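Participant: Once you've had a glance at the structure underneath, I'll fire off some questions.
The values are calculated or read from the model by the stated rules, or taken from the named source; none is laboratory data. Computed from a predicted structure; not experimentally measured. Cβ sites come from the backbone with ideal geometry, for glycine too, and all protein chains shown count toward neighbours. Areas reflect the complete protein model, heavy atoms only, side chains present, ligands, DNA and RNA absent. Shrake-Rupley method; radii C 1.70, N 1.55, O 1.52, S 1.80 Å.
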Amino acid sequence: MAEKVEHIGKREIAWSYAGTFFLIGAGVILLPFILHEMPRETVGIWNIFQTITILVLLLDFGFRPSFARNISYIFSGVKTLQKEGVAHAATDAEVDYGLLKGTIEAMRRFYRWVALAVLALLSTVGTVYFLYILRKYSGDHQDALIAWVILITINCYNLYTLYYDALLTGKGYIKRIQQINILAQSVYVCLAIGLIYAGLGLTAIVSAQLTSVLVRRFISHKVFFTRNLKAHLQEAETQDSKEIMSAITPNAVKVGLTQLGGFLVNKSSLLIGSVFLSLEEIACYGITVQIMDILTRCATVGYQSYAPKLAQCRAENDIMGLRRYYMICIGSLLATFVLGGLVWLGLGDWALRLISSQTQFVPPAMLAVMLLINTLEQNHAITAGFIMADNKIPFFIPSLLSGAATVILLWIFLSPLHMGVWGLILAPGLAQLAYQNWKWPSMVIKELWGNKRT
């Protein structure tokens, strides 16, 4: 039986929302224990850990989404991978298992080297940075250092096995991805709560994260490598992984540069802000950013679920399908940010008082501006994804320029102007508003509705 991209319908979308809501519910369950049991300084260190984890994932340099996109192309029936654009395939084309086998081998080799590079980087430069932050930390330094070592272990192993995410996403296993995430997140929350009450502090959280990653990877392997697929791969002759990498690398690097720019825009504020502001201020801003990330995850469920189908539509030149998915993705984005933002503004502070949190959200005026900035950010990110589905990356230079502008504005706002948390909020918003917020949405709308194709 031939393998193809899995059908993504209402049931899969429902599972995506269920998985996302579970992740939110799990975070809501765990967050009160963290905020109630840990002082602001410790919450500030935890936020820095979260940011470092996101930074480390950037070191795959855009290969994960590029691998996933090309896996979708392969399961859609393409016979060759191109440096730019997509080799169109018939809707009933068979999967080239030799090409798939070579791509899997290329992914494994790539992530092996990336994990070793991350180990070297975090053990040296990362440790120096962390020791500097600890100078103004009045909490348990031994607990923080043990947690740091475990964090390094998590990040290296997660990167070493990151190709499983690309395989499952590229195959269209949306429902199964969510089921795996729900199980792994359940392990994380239950273990973290138990260890927090055992008095392990930061070590409790990172130990639970490590266990969760191990569970996720074990199940992912079982789900993707079915008996049928393994039989096909065993019979196939492996295509040259070096040629495959040469086709994937150019656009993957562009995606990586785009992600680096995105990190500088969206996440560098925590790292740079920790140098100029107190850990208490970083804790308030950081916990707000974490809830914003949860809201963003809900708002982009539609896009994340349909990403494999976007690649398939590009391979089959299905403009009507792209139009339909665009309206679904942007509609769900706007509805979620409007409704979720109103609830947060109305009930957020009350919820923190209810759990006797030692850390608060930023003031309502700041929160309202952050909601607007993030809505514009995710709107242009989704439209950029529609462009990327065609294996074209025109936005990597603007993304880098926006990232550089954000860093410069952060320094100006935090050092000479002493704007505090307002500087952390406004710097990325102004940098993105200058170009990216409007450029990519207008390009996609023009492509999908500004021509005569139907």
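Participant: Order H380, H36, H232, most accessible first, counting only protein heavy atoms with a 1.4 angstrom probe.
Facilitator: H36, H232, H380
Participant: Cα centroid distance between the stretch 226-263 and the stretch 174-198, in Å?
Facilitator: That distance is 29 Å.
Participant: Then there's this: If packing is taken as the mean number of other Cβ atoms within 10 Å per residue, what is the order of 51-58, 102-109, highest first?
Facilitator: 102-109, 51-58
Participant: Please report the accessible area of L322 (heavy atoms, 1.4 Å probe, ligands and nucleic acids excluded) in Å², nearest 10.
Facilitator: For L322, solvent-accessible area is about 0 Å².
Participant: Right, another one. Report the accessible area of H418, computed with a 1.4 Å probe over the heavy atoms of all protein chains in place, in Å² rounded to the nearest 10.
Facilitator: Around 150 Å² of this residue is reachable by solvent.
Participant: When we measure straight from the Cα of K267, which aspartates and glutamates land under 12 angstrom away, once same-chain ones fewer than 8 places off are left out?
Facilitator: Within reach: D293.
Participant: In addition: At 1.4 Å probe size, with the rest of the protein present, what percent of the exposed accessible area of the stretch 245-365 is carbon and sulfur atoms?
Facilitator: 68
Participant: Each residue of the stretch 428-438 in turn: what ³J(HN,Hα) in whole Hz from Karplus with 6.51, -1.76, 1.60 and θ = phi - 60°, glycine and Pro shown as x?
Facilitator: Running phi through 6.51 cos²θ - 1.76 cosθ + 1.60 with θ = phi - 60° gives x, x, 5, 4, 6, 5, 5, 8, 5, 4, 10 Hz.
Participant: Right, next: Kirkwood hydrodynamic radius (Cα pairs, Å) of the chain?
Facilitator: Computed over Cα pairs of the chain, the Kirkwood hydrodynamic radius comes out at 22.9 Å.
Participant: Give the cross-link partners of K175 among the aspartates and glutamates, using a straight C-alpha distance below 20 Å as the criterion and excluding same-chain residues fewer than 8 apart.
Facilitator: Output for K175: E3, E6, E12, D165.
Participant: Rounded, prolate or oblate: which fits the stretch 323-452, taking a ≥ b ≥ c as square roots of the Cα gyration tensor eigenvalues, rounded meaning a/c under 1.5, else prolate when a/b beats b/c?
Facilitator: oblate
Participant: Tell me, what ³J(HN,Hα) does each residue in the stretch 164-173 have, in order and in whole Hz, if you take phi through Karplus 6.51 cos²θ - 1.76 cosθ + 1.60 with θ = phi - 60° and put x for Gly and Pro?
Facilitator: 4, 4, 5, 5, 5, 5, x, 6, x, 7
Participant: Going from most exposed to least, what order do V78, V215, V128 have by accessible area with a 1.4 Å probe?
Facilitator: V128, V215, V78
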